[in-house]
Amino acid sequence: MKNIPVQKNKEYIVNIIDNGFEGEGIAKIEDYPIFIPGAIKGEKIKILIVKVQASYAFGKIMDIIEKSEHRIEPDCATYKRCGGCNLRHVDYEETLNIKQNAVQSLVNKTLKNKIQVKPTIGMENPLHYRNKAQYPIGMNKEGEPVIGVFANRTHEVIPMEKCLIQNPISEEIAKTVLEFIKENKISIYNEKTIKGLFRHIVIKVGIKTNEIMCILVINGRKIPKENELIEILTKKYPNIKTIVKNINTKNTNVILGNENINIYGNGYIEDKLGEYTFKISPLSFYQVNPVQAEALYNYAIEAAEITKNDVVFDLYCGIGTISLFMSKFAKKVYGIEIVEEAVKMAKENAQNNNVSNTEFFAGDVEIVLDDLINNKGLKADVVMFDPPRKGLDKKSIDNILNIRPKKIVYISCNPATLIRDLADFENEYDIKTIIPVDMFPFTS
């Protein structure tokens, strides 16, 4: 093993030569990489080494000797401890460059075609963009209930200050629920003892419709003085269209359980995306930043150049958002999604928007796609996918390569698996464009 040129708990002065995938600064001492959260390319920094591994180390900023022109003063009180936005110390334009470069370096490492990644599509106003907030409820050191965010890498709840990426109404509603919990001395879930009632407050907001869903996640079935709570919330916030009790009695860090009980309204809200109206339920996935989702979908559809003769497969279609966007241009769209509730919503969304050329299937993409192609003999002219972070499975890739659609559009939430999968398509297909869209401004 070659010598490690740094020691733990020692200080060094380094030049930051790049920013990594999580937005962290990268320095090298004798070719040995050191990752430094909060450092920006071009800076000269005095660091303390906090962790040493065989092939890299982690450092902590002690002093910034030469500052980057892109460094700004974070505008958030809990920025240091929260970790939700890890790029608030960088000006917005530069965060877009960091993201573009992160994708570019993956391309350069993995693909035969070293295609130039396009500049990141940013937001005009990158604040308060999230339409879904999930607040854990915990106890502070004084034993009082608090809501907020989990501290970076821990399960300690940091009380909420004004959050710059959440919708402000989410915070107000959550605080109102917290007051009610305190006044009525309702118990808080404790991860260690697995006792206590209230676990999370989840708020979903329709950005265009202003409709609000309030989900109360509880370890049990009954909320004391439930009707009183409903009355307080609906009087104070007339835009609340539905309140749902979500039952989660499992010892898990998954936020929502599988059972929902509507205690006010009918269990869903609606929002508009483009010219379509979508029903959103507690468990179905809907893009967290609808402004950018619309930009993303419009770009994807433009790139797909769908014509009236085209059959389209939309894999991992969720509640049918992009399927409906494409239906207008296509002959037929087939959507596949594993979450049954989402497929039910997709069918309803198609009906409510008077779209008749879509068909949705519930099931694992790998299995359903295989069946549509190899048993039902379906072929597609255009294939669109938006898989989860783990990307595509080998079988689906092989099936798509077998039917040879003329165009593939791959929407990805994880550049690493995107580039891995593109390497599989690269022998048969030309990669025309790669364009990042900033869905979560000021975060990596």
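What pairs come out if I take residues in segment 253-275 that are within 23 Å of T321 (Cβ to Cβ) and pair them with residues that are in a strand (DSSP E or B) and open to solvent by 50 Å² or more (accessible area, probe 1.4 Å) whose C-beta lies under 7 Å away, six or more apart or interchain? Between residues of segment 253-275 that are within 23 Å of T321 (Cβ to Cβ) and residues that are in a strand (DSSP E or B) and open to solvent by 50 Å² or more (accessible area, probe 1.4 Å), the close pairs are I255/Q134; G265/K241; I269/K241. The set of residues in segment 170-225 being closer than 25 Å to A293 by Cβ, free of Cβ contacts under 8 Å to residues at least 60 places away in the same chain and among the charged types (D, E, K, R) consists of E171 alone.
Candidates D91, D75: the one that is at pLDDT 95 or above, surrounded by fewer than 19 Cβ atoms within 10 Å (Cβ to Cβ) and either within 21 Å of L164 (Cα to Cα) or touching a Phe, Trp or Tyr at 6+ places or on another chain (Cβ under 7 Å) (or both) is D91. Considered as a group, the residues in segment 324-367 that are basic (K, R) and over 19 Å from F285 (Cα atoms) include one that is least open to solvent (accessible area, probe 1.4 Å), and that residue is K332.
Only one of the listed residues (N298, N266, N258, N309) is touching a Ser or Thr at 6+ places or on another chain (Cβ under 9 Å) and surrounded by fewer than 22 Cβ atoms within 10 Å (Cβ to Cβ). That residue is N266. Among the strands (runs of 3 or more DSSP E) confined to segment 16-71, the ones with at least 2 residues that are open to solvent by less than 50 Å² (accessible area, probe 1.4 Å) and small (G, A, S) are located at 25-29, 57-66.
Among the residues examined, K162 qualifies as open to solvent by 80 Å² or more (accessible area, probe 1.4 Å), under 27 Å from F285 (Cα atoms) and either of a type in the set (A, V, I, L, M, F, W, C) or touching a residue at least 60 places away in the same chain (Cβ under 8 Å) (or both). The strands (runs of 3 or more DSSP E) found wholly in segment 220-325 and carrying at least 2 residues that are more than 30 Å from E183 (Cα to Cα) occupy 269-273, 276-280, 311-315. Going by the conditions given, is N374 touching a Leu at 6+ places or on another chain (Cβ under 8 Å), open to solvent by 10 Å² or more (accessible area, probe 1.4 Å) and over 21 Å from K407 (Cβ atoms)? In short, no.
The values are calculated or read from the model by the stated rules, or taken from the named source; none is laboratory data. Not measured: the values here are computed from a predicted model. Ideal geometry is used to build each Cβ from the backbone, glycine not excepted, and the neighbour counts take in all protein chains shown. Note: accessible area is taken over every heavy atom of the protein model, side chains too, but ligands, DNA and RNA are not part of it. Shrake-Rupley method; radii C 1.70, N 1.55, O 1.52, S 1.80 Å.
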